[in-house]
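The values are calculated or read from the model by the stated rules, or taken from the named source; none is laboratory data. These numbers were taken from a predicted model, which means no experiment stands behind them. All Cβ positions, glycine included, derive from the backbone under ideal geometry; neighbour counts span all protein chains shown.
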Amino acid sequence: MNFTRWSARLPRTQRRTAARADRAARRPQPAAAGGGSGSVPAARGERSDPSDRGEPPPGAAATALEDGLPAAVPTLDGLSVHDVLGQVPALVAVVYGPDHRIAYVNDSYTAIFGARTPGASARQALPELQELGLLPLMDQVLRSGRPRTVKSRRVSRTRAGAAPGAETAAGSGAASPAGAGGRVRHGYYTFTCSPIEMAAPPPAPAPAAAPAAASSAPGSTSNSASGSTSNSVSGSAPESEAHTGTHTEAHAEAHAEAVADAAAPVAAPGTGPAPSMPGPTAEQPRLRGVLVFGADVTDQVEAAERLRASERLQRQAAVTLQRSLLPQELEQPDDLRVAATYQPGGTDAAVGGDWYDVITLGAGRTALVIGDVMGRGVRAAAVMGQLRTAVRAYARLDLPPHEVLQLLDGLAAEIDPSQIATCVYAVHDPNENRLVYASAGHLPILVRDPDGTVSRAAEPTGPPLGTGGWLHTSASLPFGPGSSAVLYTDGLVERRDKDIYEGVAALERVFAGATGTPQVMCDRLIRALGITAEHDDDVAVLVLQHPARTGHDAELFHNAALDLLGGVEAAPRARAFASGVLASWRFPMELRDLGVLAASELVANSLQHGVPPMRLRLRRTDRRLIIEVTDGDEHLPRRRRAEPADEAGRGISIVATIASSWGSRRTPGGGKAVWCEFALPAG
């Protein structure tokens, strides 16, 4: 938007414009060069602009006083570099040349690593730099001319102030400032290596007779003098005039002071007063070096480590809470092989609300559940724990999947109206070889047929839990022997840069080729989809297999059924059928008699309280005997106490007493099923 047309109308704009015009009118105007308005501008060396000479412009003092600033600011020209670096509470070392020879170390460096000999090579005299990995970095700085930094390097030091490596440095000609004793503690320093340029030190002054010899032979100088001394003196006279005549005493003293100043960069602290480091001039040879600056960051590193340790403890507590809300050991059905895995996402303490469960319903039927509470944190985990407990309670009612989700939807809205969750509740019935399921906004189930074809369940049969006011429905998938299925949460397939159904398609391709036990398949799916410890979302995976049994295993799984038409002959036929089947399955006599009694009571109960069609089904697995009777009436039987005078009402009580467990449920097509189980003896 253009503010030009509105700038003059903004508040205080006219007042500021008038103030600037008033200050410009009071400021003295410089005279034009050459004395006339039409004169040629001054040459570069004769410009009258005071700002080019480092001087403040005319009227600057008055403007500064108007603004409340001091008229003059101190300069730093006379400040000694040695004094500045010596007072800095950081490690400072100055080296020069490709060998990184020592030019200077400050008192803080000496207190940690000991004194160092000026002029010595850093590889021999500064072993701590080699241990810290700084020498290759210093080589890079010399080559590139750019500073380099390494952060949080660990340095060992004693209570007295000497590092354990000080003895090695002392062998190079420097003594350790502290004794060998003292408690060793560790500090952390961030080192910055910066390129610098220094004036090369001139050669040592010649003997007293040298000036005379030089004056007697004008123009004859040694190679070293011509390369150093002539360049260390700025503004010198021509060579013929410099060597005609003898040096005066004042000139000799000035030359000695110049030599001392040039040698200042190689002075070590504690060896005497050292002047400030002179910067290289245009006539002096320039020597490239490196300034090593180490800032103490021990407090910051220790604080960060304490924070990381605290976060690790909080995360461990959160993950422990999350895992304690999940099943510690999955129930293993007779007809299925099941495995699950859960991996918390991210490195923070906020866990998610993913959960899974396997619930045996009786009569060989199994419920499989997986869900995800939206959000992260302890609140999401708490809601997840309540929903999982409610699912197990509703599953005991042996309701159809959509009715379980309908009850769960109302409970989720009561627990926390601001939380929603997705869930899949599926039931496997080995007698029908199908997977009946209901999905509340969850990702589709994937089923792999025995030939390797992967099919995807239809869209969710209802909205997420907690939305309320919606009706859920059930659907089914074929799941015969040799089939496998996987239930999962969105953390397995969702990525920030891709559509979630692209992840589902990738999971289909991986699942089509995954083989092995369910636990092996879980691990392979996790690895194939790139789930690592740094993954930013929780992942829950549940894999189930319906194995195709052959050989000896097939002999342990049998089914037998008898349709009953009713009438007085139904009960005797049922007893005869049950006795023959149990005898053919080679059960012990005691178990055979109990099975016949249970079948007789269940059939009698169905004949009295049910309606045709009726069916008696006997099924055995490797661990139990299942007896089930179905009929067309939907009224479920209840166990009740029969009075001594009652002629009926004892059948269900007898079955509950002799069997390991019993139950009843409504069948999808109308009617009911009443069943009981007997545990087979081991061996």
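A few notes on this one:
- Restricting attention to the range 549-585, the residues being in contact (Cβ under 8 Å) with a residue 60 or more places away in the chain and of a type in the set (Phe, Trp, Tyr) number 1.
- Selected residue (criterion: farthest from the chain's Cα centre (by Cα)) from residues of the range 465-484 that are in contact (Cβ under 8 Å) with a residue 60 or more places away in the chain and under 24 Å from Asp538 (Cβ atoms): Ser484
- Looking across the range 503-524, the residues that are touching a Leu at 6+ places or on another chain (Cβ under 7 Å) and closer than 19 Å to Leu477 by Cβ come down to Val504, Leu507, Glu508, Phe511, Ala514, Pro518.
- Filtered residue count, the range 392-435, keeping only those that are assigned to a helix (DSSP H, G or I), of a type outside the set (Gly, Ala, Ser), without any contact (Cβ under 8 Å) to a residue 60 or more places away in the chain and crowded, with 19+ Cβ neighbours inside 10 Å: 3
- Members of the range 619-634 found to be within 16 Å of Leu607 (Cβ to Cβ) and without any contact (Cβ under 8 Å) to a residue 60 or more places away in the chain, listed by number: Ile627, Val629, Thr630, Asp631, Gly632, Asp633
- Residue count, the range 594-633 (criterion: more than 24 Å from Asp429 (Cβ to Cβ) and either of a type in the set (Val, Ile, Thr) or touching a Ser or Thr at 6+ places or on another chain (Cβ under 9 Å) (or both)): 1
- Hits in the range 651-664 - residues which are in a strand (DSSP E or B) and touching a Phe, Trp or Tyr at 6+ places or on another chain (Cβ under 8 Å): Trp662, Gly663, Ser664
- Hits in the range 610-651 (condition: over 58 Å from the mean Cα position of the chain (by Cα) and among the β-branched types (Val, Ile, Thr)): Val611
- Qualifying residues in the range 437-450 (those that are in contact (Cβ under 8 Å) with a residue 60 or more places away in the chain and either of a type in the set (Lys, Arg) or surrounded by fewer than 24 Cβ atoms within 10 Å (Cβ to Cβ) (or both)) - the one farthest from Pro333 (Cα to Cα): Pro444
- So Ala561, is it within 30 Å of Arg448 (Cβ to Cβ), among the small types (Gly, Ala, Ser), not in a helix (DSSP H, G or I) and not assigned by TED's automatic domain parsing to the domain that holds Ser661: no
- Scanning the range 525-566 for residues that are small (Gly, Ala, Ser), closer than 30 Å to Asp354 by Cα and surrounded by fewer than 20 Cβ atoms within 10 Å (Cβ to Cβ) yields Ala528, Gly530, Ala533.
- Options Asp633, Asp622; residue that is part of a loop (DSSP other than H, G, I, E, B) and within 21 Å of Asp334 (Cα to Cα): Asp622
- Yes/no for Thr453 being crowded, with 17+ Cβ neighbours inside 10 Å and either under 36 Å from the mean Cα position of the chain (by Cα) or not basic (Lys, Arg) (or both): no
- Any hit, the range 635-658, residues being free of Cβ contacts under 8 Å to residues at least 40 places away in the same chain, within 22 Å of Met589 (Cα to Cα) and either exposed (fewer than 13 other Cβ atoms within 10 Å of the Cβ) or not small (Gly, Ala, Ser) (or both): yes
Conditions (1) at pLDDT 90 or above; (2) outside any strand (DSSP E or B), marked per residue:
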| position | (1), (2) |
| --- | --- |
| Val603 | yes, yes |
| Val611 | no, yes |
| Ile626 | yes, no |
| Arg639 | no, yes |
| Asp646 | no, yes |
| Gly649 | no, yes |
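- Search result, residues across the range 68-87 that are under 45 Å from the mean Cα position of the chain (by Cα) and loosely packed, with under 14 Cβ neighbours inside 10 Å: Gln87
- Residue among Val539, Val568 that is farther than 19 Å from Pro430 by Cα, β-branched (Val, Ile, Thr) and touching a Gly at 6+ places or on another chain (Cβ under 7 Å): Val539
- Scanning the range 360-391 for residues that are outside any strand (DSSP E or B), among the β-branched types (Val, Ile, Thr) and surrounded by fewer than 21 Cβ atoms within 10 Å (Cβ to Cβ) gives Val378, Thr389.
- The residues of the range 112-160 that are assigned to a loop (DSSP other than H, G, I, E, B), more than 16 Å from Val292 (Cα to Cα) and of a type in the set (D, E, K, R) amount to a single one, Arg159.
For every residue, the table says whether it meets (1) in a helix (DSSP H, G or I); (2) over 20 Å from the mean Cα position of the chain (by Cα).
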position: Gly491; (1), (2): yes, no
position: Val504; (1), (2): yes, yes
position: Val510; (1), (2): yes, yes
position: Gly516; (1), (2): no, yes
position: Arg524; (1), (2): yes, yes
